[in-house]
Each structure stands twice: as structure tokens, then as C-alpha cells.
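*Asks:* Below: one structure in C-alpha cells.
The values are calculated or read from the model by the stated rules, or taken from the named source; none is laboratory data. Small disclaimer: the values here were computed from a predicted structure and weren't measured. When we count neighbours, we look across all protein chains shown, and the Cβ atoms used for this are built from the backbone with ideal geometry, even at glycine.
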């Protein structure tokens, strides 16, 4: 897996707590000039030196780890500037900017476990972070930063042949959870591990979606879309898209409208999907679509460095 996953940072602190090893949550809360990471990016550092996450791709991580262990030893949190305006004259960022990092020693282990539990249940969570500790977002206070956590991107792909399998393989290598469907007569797709066979166009799979799920249609035999598209459009998702030319998409919208599909759902369906126009091979199509999915997911989920906020962002509450 090559995708960034903020759960790995929280999990390290959770693991440390279970082992009796104290840790520090480090959060990027301010940027001056350029930065290779966005506001909200985090690292976890344990007292024994184990760590997860990064702020610069290797330029300041050693200094951050040392600072975190010093904060643990002192028993108090702190905010430290690195780069432009930093008291550490020997530590510079290659981008020429400056970043402010909040060091939070011994973050509440129970609260971190609640966040992780919510994410596993595909529910968002938000924490208020300060030098003094972490709290549920409904707790107000001064000098705090609210960090929203969204469940990981999930892909539901339906289609034929190499277009489907290429997207599956690339998405899985990236680190996504992928649920794929193909007609049982499609021998190429059937040979791909994990593909769910569909016996007929009218026997609909039990699809489920949420605010962090993408539905992608990769059929060139568009007869398969007749029942599957309305079924998928009825599911919650941040992305619904289908391959095909502009002419094909206009025809698709026409028959969906004639079938009684609400205009709001029609507006949610994208045609000509992907960041690279007019692709002509499965591998390039897969890269093009995956790039668009990740771009849109990171924007709607409020990932560090992107605008927007997580859909239906919720406070962390036990038992919800």
C-alpha cells in the first residue's frame, strides 16, 4: 500500500498505550510560505523511538522525534516552529518555508481508541488538539486546532474485461478497499481474484455506499447499465461515474430521465470520467480514474492540504 492513512498514526499511539509505552501526537497547525505537507498533517512518536508519519519527507523528522521525546520527559506540550523563523538555525526546510508543530504528549488513549473505532465503522470523527491534550470537538477551549478524520476511500467498480481489472489492481496497490462486479460470462474478469460474478442484468448485487464511497461503471456493453446504474445511484457516495463518450453519456441521461430518475441524481452521475481525456488503453484509463477519485475524495474528506470538510463530520461519541 502506498496511500497515506492517518489511521496508522493513531494506531501507533494506541499500540504504545496498550504496551505501556507513552507517546506524543504531533500536528502541523501553521504554515509560512511553501510546505510539502498540509495543515492537519500528523506524526506519532513513542518514547522508544518508534514513529509514523512525516512532515518533510525526511528533512526534519529526526528533530521532531527528538523534540517529542523531550516533551515526554518534561511532561508538557509545546508548539515549535521549524524552517523560517525557527530558533533552530541549523534546521531548514528545502521548500524555504516555515511550519508550526503542536506537540501533545500522552494524548488520551481512550479517546484515540474511540476515533479508531468510528473510522472502522466508516464514520467520521473530529478531535480538538492543543499542547495540553486532545478532546472531543464539542469541548471548547483556547489555542486549539480541530482535526477531522474521515474513513478511507472505498471503491465499488462494475464493468467488463481489462478496464475493470486494471482499475482494481491499481486501486488495491494504492491501498483502497475495492469491491468489483463483472458478468459471469466475462472470462477475463472472472480470472481476477476478488471479482464478484453477476449472473444477469436484472439480478442486482447488494450494494451499499456512504459519503466516502465511489461507484465507477466500466461497461462497454451499456445494456448492463439499465438496472445497475439506478441501483448504484440510489446509494450514498461522493462519486458516481461511468465511462463513455459525450454522446453515450447524453443517451444514458436521456433513458435514465425517461425511467423517472430524479434530476438531482442525474446531476450526480459523471460521464467522460478521469483526469486524462480520451484515454485509449486500460492502464492509462485506470490511472486517470484513480487520480480523479483520490483528488475528489481528499477535497470532500478535508484531508490535510485540501479545501472542504468531511461530509457529515461528527464528534467522537462512544456507542454511536
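*Asks:* So how many residues does segment 262-320 have that are in contact with a helix residue (DSSP H, G or I) (Cβ under 7 Å, 6 or more places away or on another chain), at pLDDT 85 or above, surrounded by 14 or more Cβ atoms within 10 Å (Cβ to Cβ) and not in a helix (DSSP H, G or I)?
*Replies:* 7
*Asks:* Please state which one of 175, 161 is in contact with a helix residue (DSSP H, G or I) (Cβ under 8 Å, 6 or more places away or on another chain) and on the phi > 0 side of the Ramachandran plot.
*Replies:* Of the residues listed, the single one that is in contact with a helix residue (DSSP H, G or I) (Cβ under 8 Å, 6 or more places away or on another chain) and on the phi > 0 side of the Ramachandran plot is 161.
*Asks:* Just need a number here: residues in segment 5-40 that are in a loop (DSSP other than H, G, I, E, B), in contact (Cβ under 8 Å) with a residue 40 or more places away in the chain and over 14 Å from residue 127 (Cβ atoms).
*Replies:* Number of matching residues: 9.
*Asks:* Another question, if that's okay. Does segment 189-198 contain at least one residue that is in the same structural domain as residue 239 (by TED's automatic domain parsing), buried (at least 19 other Cβ atoms within 10 Å of the Cβ) and part of a loop (DSSP other than H, G, I, E, B)?
*Replies:* No, segment 189-198 has no match at all.
*Asks:* Say whether the condition of being touching a residue at least 24 places away in the same chain (Cβ under 8 Å) and either out of contact with any strand residue (DSSP E or B) (no Cβ under 6 Å at 6 or more places or on another chain) or farther than 26 Å from residue 55 by Cβ (or both) is met by at least one residue in segment 141-150.
*Replies:* yes
*Asks:* Let me ask another. Residue check, residue 82 against (1) crowded, with 20+ Cβ neighbours inside 10 Å; (2) over 20 Å from residue 10 (Cα atoms); (3) at pLDDT 95 or above, all met but one. Which one?
*Replies:* (3)
*Asks:* Then there's this: Working carefully through the options 291, 274, 260, 244, find the one that is without any contact (Cβ under 8 Å) to a residue 40 or more places away in the chain and closer than 23 Å to residue 40 by Cβ.
*Replies:* Criteria check complete, one pass: 291.
Per-residue answers, yes or no, for (1) out of contact with any strand residue (DSSP E or B) (no Cβ under 7 Å at 6 or more places or on another chain); (2) part of a strand (DSSP E or B); (3) surrounded by fewer than 18 Cβ atoms within 10 Å (Cβ to Cβ):
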site	(1), (2), (3)
115	no, no, no
118	no, no, no
126	no, yes, no
129	no, yes, no
158	no, yes, no
165	yes, no, no
168	no, no, no
171	no, no, no
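*Asks:* Has segment 237-246 got at least one residue that is assigned by TED's automatic domain parsing to the domain that holds residue 180, more than 24 Å from residue 189 (Cβ to Cβ) and surrounded by 14 or more Cβ atoms within 10 Å (Cβ to Cβ)?
*Replies:* Looking for residues that are assigned by TED's automatic domain parsing to the domain that holds residue 180, more than 24 Å from residue 189 (Cβ to Cβ) and surrounded by 14 or more Cβ atoms within 10 Å (Cβ to Cβ), one finds at least one in segment 237-246, hence yes.
*Asks:* Considering each of 185, 177, 202 in turn, give the residue that is more than 23 Å from residue 46 (Cα to Cα), in the same structural domain as residue 249 (by TED's automatic domain parsing) and under 24 Å from the mean Cα position of the chain (by Cα).
*Replies:* Among 185, 177, 202, only 177 is more than 23 Å from residue 46 (Cα to Cα), in the same structural domain as residue 249 (by TED's automatic domain parsing) and under 24 Å from the mean Cα position of the chain (by Cα).
*Asks:* Since residue 216 meets every condition but one in (1) surrounded by 15 or more Cβ atoms within 10 Å (Cβ to Cβ); (2) more than 18 Å from the chain's Cα centre (by Cα), which condition does it not meet?
*Replies:* (2)
*Asks:* Out of curiosity, is residue 49 touching a helix residue (DSSP H, G or I) at 6+ places or on another chain (Cβ under 8 Å) and at positive phi?
*Replies:* Yes.
*Asks:* For segment 6-17, indicate whether the set of residues that are under 17 Å from residue 149 (Cβ atoms), exposed (fewer than 14 other Cβ atoms within 10 Å of the Cβ) and at pLDDT below 95 is non-empty.
*Replies:* Among the residues of segment 6-17, at least one is under 17 Å from residue 149 (Cβ atoms), exposed (fewer than 14 other Cβ atoms within 10 Å of the Cβ) and at pLDDT below 95, which makes the answer yes.
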